[in-house]
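> Below are the structure tokens for one structure; questions will follow.
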Ligand code: NAD
């Protein structure tokens with residue numbers, strides 16, 4: 001199976017290297033020379049983004065739906081260029097409305113589509129232990145199953161094209177909310193004389209635990225490392241998309257709106273490139289990034 005990975009940043013670069021190590025034929029490309037150099041120095045073959053070769057699979061890991069649209073629709077984009085039967089897999093966290101439109105055009109052009117947004121960060125991408133949420137046809141998933149297995153510890157088929165991206169936005173909304181609520185729980189305990197580490201040990205043995213309390217606090221927040229590889233700018237984008245998805249469905253979700261507003265207020269001074277765990281600085285009274 002020949003795979004072209006488009007977007008070699010924190011996630012795409014590591015996914016490309018993982019697939020290469022698993023024995024697939026992988027070519028990588030990125031508009032940024034630094035991203036191409038980073039994976040080329042680790043043994044991956046990189047190509048110019050202007051001329052994409054024929055491939056069985058085009059795996060996209062791009063910042064936003066606008067970038068995905070450009071790669072798929074621009075001239076010459078994958079719609080014009082890719083051979084019939086090729087599969088386009090969008091692992092980015094994208095806007096489901098755009099995803100459904102692009103998936104329809106892709107299928108009309110004789111190609112196949114999967115949205116396959118991921119969880120687990122750059123470390124999960126490097127270890128081949130990502131969680132993946134799949135939107136698309138079962139037959140397409142079966143065609144690319146070997147590469148999905150190489151990249152992920154578990155993948156869940158949640159519905160038709162676009163469904164993976166809907167559930168990913170729901171997931172990131174919860175992650176964003178857990179960062180705020182867990183920081184408030186830790187601040188409360190601290191004011192009452194309980195050390196953050198002791199508070200988290202207690203929470204993690206109780207029903208208030210989450211990936212944020214079990215992983216983010218020890219690995220990136222209390223340690224001061226703040227090197228998760230996921231940025232504040234990307235989480236702000238995901239929360240905007242989650243709120244837009246609710247509006248599209250005619251839903252007014254009070255807690256989602258509050259989380260988006262709180263993130264907007266507390267991350268106001270954080271640059272797009274700051275680690276997203278810095279959102280807890282304001283609540284925990286830490287100096288900002
Ligand atoms: P990143 O900014 O590190 O990488 C994106 C890469 O895409 C960049 O290297 C950029 O140069 C490249 N790019 C942009 N336009 C391009 C084009 N037209 N052709 C080729 N390359 C192009 O971002 P990331 O952290 O790797 O995230 C990628 C996607 O995955 C985002 O949608 C993000 O929300 C999602 N995601 C990230 C994480 C994480 O922990 N970083 C986790 C889950 C999901």
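Only the coordinates and a few stated rules stand behind these numbers; no lab work does. Bear in mind that the values here come from a model prediction, so they are computed numbers and not experimental data. Note that each Cβ is placed from the backbone with ideal geometry, even for glycine, and that neighbours are counted across all protein chains shown.
> For the chain, give the share of DSSP beta bridges that are antiparallel, in percent and rounded to the nearest 5; count only bridges with both residues there.
Rounded to the nearest five, the antiparallel share is 15 percent.
> Tell me the label-point distance for the pair residue 33, residue 149, using the 7 Å Cα-to-Cβ offset, in nm and rounded to one decimal.
Modelled inter-label distance: 4.1 nm.
> When the gyration tensor of the chain is built from Cα positions, what are the square roots of 5 times its three eigenvalues, in whole Å, from largest to smallest?
Output for the chain: semi-axes of 35, 21, 17 Å.
> Also: Fully extended, how many nm does the chain gain between residue 139 and residue 197 (0.36 nm per residue separation, minus their Cα-Cα distance)?
Working it through step by step, the gained length comes to 16.2 nm.
> Next up: With label points built 7 Å along Cα→Cβ from the Cα atoms of residue 255 and residue 222, find their separation and express it in nm.
Computed distance between label sites residue 255 and residue 222 equals 2.4 nm.
> Additional query: Could you tell me the center-to-center distance, by alpha carbons, between the stretch 265-286 and the stretch 111-178 in angstrom?
27
> Still on this structure, please answer the following. Output the relative contact order of the stretch 140-289, whole-number percent, from Cα pairs under 8 angstrom with separation of 6+ residues.
Once divided by the residue count of the stretch 140-289, the mean separation gives 27 percent.
> Please identify, among 156, 232, 45, the residue showing maximal mean-square fluctuation in a Gaussian network model of the chain using a 10 angstrom Cα cutoff.
156
> Principal axis extents for the stretch 1-86, Cα atoms only, whole Å, descending order, please.
Cα extents, longest axis first: 31, 25, 19 Å.
> With a bin width of 5 angstrom, please list the P(r) values of the stretch 62-107 as percents of all Cα-Cα pairs, from the 0 bin to the one holding the largest distance.
5, 23, 36, 26, 9, 1
> Give the value in nm², to one decimal: projected area of the alpha carbon convex hull of the stretch 166-284, averaged over all directions.
7.4
> Another question, then. Using a 7 Å offset from the Cα along the Cα-to-Cβ direction at both residue 284 and residue 41, what is the distance between the two label points in nm, to one decimal?
Going from the residue 284 label point to the residue 41 one covers 3.0 nm.
> Between 0 and 90 degrees, rounded to the nearest ten: what's the tilt of helix 138-151 against the longest Cα principal axis of the chain?
60
> What FRET efficiency comes out for residue 50 versus residue 2 if R0 is 22 angstrom and r is the Cβ-Cβ distance? Round to the nearest 0.05.
E between residue 50 and residue 2, to the nearest 0.05, is 0.70.
> Which of these, 61, 218, 41, has the largest mean-square fluctuation under a Gaussian network model of the chain (Cα springs below 10 Å)?
Ranking 61, 218, 41 by mean-square fluctuation puts 41 first.
> Quick one: length gained pulling residue 129 to residue 247 fully straight, 0.36 nm per residue minus the C-alpha distance?
So the chain would gain 39.2 nm between residue 129 and residue 247.
> Here's something else I'd like to know. By how many degrees, between 0 and 90 and to the nearest 10, does the Cα long axis of helix 96-108 differ from the longest principal axis of the chain?
For 96-108 against the chain, the angle is about 10 degrees.
> Hey, another quick one. For the stretch 182-214 and the stretch 7-84, what is the centre-to-centre distance using only Cα atoms, to the nearest Å?
Spelled out, the Cα-based centre of one part sits 41 Å from the other.
> Also: For the stretch 2-161, what are Rg and Dmax over the alpha carbons, in angstrom?
14.0, 38
> Continuing with this model, one more query. Can you tell me how much longer the chain between residue 108 and residue 160 gets when fully stretched, taken as 0.36 nm per residue apart minus their C-alpha distance, in nm with one decimal?
17.2 nm
> So what is the calculated 222 nm ellipticity per residue for the chain, using -39500 (n - 2.57) for each DSSP H run with n of 4 or more, over all residues, to the nearest 500 deg cm²/dmol?
-14500 deg cm²/dmol
> Still on this structure: Helix 254-266 against the longest principal axis of the chain: what's the angle in degrees, Cα atoms only, rounded to the nearest 10?
Compared with the principal axis, the helix lies near 80 degrees.
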